[in-house]
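Right, one structure below, let's go through it.
Coordinate-derived values only; no laboratory data. Here the structure is a predicted model, which means the values were calculated and not measured. Note: ideal-geometry Cβ built from the backbone for every residue, glycine included; neighbour counts use all protein chains shown.
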Amino acid sequence: MNSKSNGNCKSLGKDFQFEEHKIYKDPNFDINSLPWYKRHLYRVVGLLGLDIFLNLRYVNILIGLSLVVLVEMNFVVLLPFLLFEYSFTISEIAAFLSVLGAADIVFRFLPPHVGDCLKKPARVMIILVLGVIIAARLALIYISHYPTILIIALILGCSKGMRVVYMSLIIPSYVPEQHLASALVIQIVLNSLMSLLGGYAIGITRTTTGSYVYCVILLEFLTALTIVMWSADILIKKCSRKKSKPSNVSTARAEEVY
């Protein structure tokens, strides 16, 4: 099973291999020698593909994606209330949301071309896009000039369109084919759990502070946390690669680092 897994990983061209549980590495291991509850536990783990959690890089990616989904869902809900809190009229709020939605749709067609020009992996592109999103949302808090607000709506829509496209590419880019189905299911489940916990935390923040501004600041903190987690993972990967293969660093594939 390990040779097949490694073969599939190499065929994907990624330096990202999942370590199977230690019991599968021993050819003389007999699962029937375990107590009955451990036998069932290992079978459930194998059936659901939960051994994917043995790879810490996947866990890092999974948590980051769930945080991004949590932030986006709650920001979309809070945005009209935030604008109304700033005394914008209903027609102005509707125009803002229309500009944001139109830019989102248009820019979903551009990420492949942008990626070809910059030649960066999906996760690096999302880190860059998240940085733009944080800056635009924080600017939205402090700016009340309506024409400028519409420009911010355009920036948010463009970055949202690119983020949606690249997010769908991250897990298939890092997870071997035989683990892809379980990885996607686990991501959906974690997104739901994050939404429950995050929505509760944002509700408490709104009740305590009496303003939607602090809710947005909390959401941007979670977005910044994702950037820090992923950037740290990339830097650690680069440093470990330099120590292990100093002569081949310049010729290493981008996918092997990012």
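Overview of results
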quantity	calculated
Among 218-227, 195-204, 37-46, the order from most to least packed when residues are scored by Cβ within 10 Å on average	218-227, 195-204, 37-46
Largest-first principal axis extents of the Cα set of segment 54-188 (Å)	52, 30, 21
Cα centroid separation, segment 50-105 to segment 143-199 (Å)	8
Segment 55-256 - percent relative contact order, Cα under 8 Å, separation 6 or more	36
